[in-house]
Amino acid sequence: MGAPDFSADLYREITGFAQGTPSWVHEVADVGTDGGLLLFAVLFVAGWWRARGLDARAMGLALLAPFAVVSAYLVSEVSKSFIEEERPCRAVAGAVHIAACPPQGDWSFPSNHATIAAASAAAIVVAWRAMAPLVLPLAALMAFSRVFVGVHYPHDVAAGFLVGVVVAPLVALVLVRVMVPLIEGLRGVAAGAVLLGAGPVAVAGARVGGAPMGGSGVPVPHAGVGSAPLDEASVTMPDVMGGVTRRQGPFR
């Protein structure tokens, strides 16, 4: 497969600009992709730790994030083996590149690095939405860096990014349906509770079945529709013999 002309022209412009940047920028761009993937790995662990106090679905999404990324990578890798697009650092006449050109047979379309970065960001966002402002721009920057260092065309990274943001969330959201009952069962076992946490903990003042909870976790009775209002005198108190002293009315 040959690259479209517009992508090859844009590749020349970006790599030509990259050559004029300081050497430290070259170093950052060359190692930045791997460094970003390490940050995503740390966020996977942080997401698992955070989910220990959340419900089973949240824990399932946190645990599935790495598997969703692997699924997206496999789609990208299989696609590369069928499409067989040559790397621009070999195919483009007069190409300049910061990073070493990958060996012959390491095809260009789509970009595996862009796929993994986008899939990692998307899987994290599905499990931990507050991380979106951090991980999505980071994934886009990591994808762009593959063009900047000269080893991919722009359309390679765009396609890889699309594969990542589509496949990873889809895999996570489908498989979490299977994970929820499994996690709920494992949380009932001592070893499972250590790894997966106990889930949400009820707090004083929460409502169970529509009744407010007291500090001891026991529902507090309250007046409902069709029931007589309660006053302080109607609340039963234990007597010294362990029995119950009830409010006495005029009739027994």
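Treating the Cα atoms of region 19-137 as identical point scatterers in vacuum, please give the log10 of the normalised Debye intensity I(q)/I(0) at q = 0.09, 0.10, 0.11, 0.16 Å⁻¹, two decimals.
Those come out to -0.33, -0.41, -0.48, -0.86, one per q.
Taking the full set of protein chains and a 1.4 angstrom probe, give the accessible area of residue 1 in square angstrom, rounded to the nearest 10.
About 110 Å², ignoring ligands and nucleic acids.
Between residue 131 and residue 90, what FRET efficiency comes out of the Förster formula 1/(1 + (r/R0)^6) with R0 = 35 Å and r the beta carbon distance, rounded to 0.05?
For R0 = 35 Å, the calculated efficiency reads 0.40.
Rank 60, 39, 11 by how far each Cα sits towards the positive end of the charge dipole of region 1-90 (+1 on Lys, Arg Cβ; -1 on Asp, Glu Cβ) and give me just the farthest.
60
Taking 0.36 nm per residue of separation and subtracting the Cα-Cα distance, what length does fully extending residue 46 through residue 5 add?
10.5 nm
Under a point spin-label approximation (7 Å from Cα along Cα-to-Cβ), what is the residue 166-residue 81 distance to one decimal in nm?
My value for the distance between the label points is 2.1 nm.
Stretched out fully, how many nm does the piece from residue 28 to residue 57 gain, at 0.36 nm a residue minus the Cα gap?
6.7 nm
The values are calculated or read from the model by the stated rules, or taken from the named source; none is laboratory data. Because the structure is a prediction, the values reported are computed rather than measured. No Cβ is skipped: glycine too gets one built from the backbone with ideal geometry, and neighbour counts run over all protein chains shown. Note: accessible area is taken over every heavy atom of the protein model, side chains too, but ligands, DNA and RNA are not part of it. Shrake-Rupley method; radii C 1.70, N 1.55, O 1.52, S 1.80 Å.
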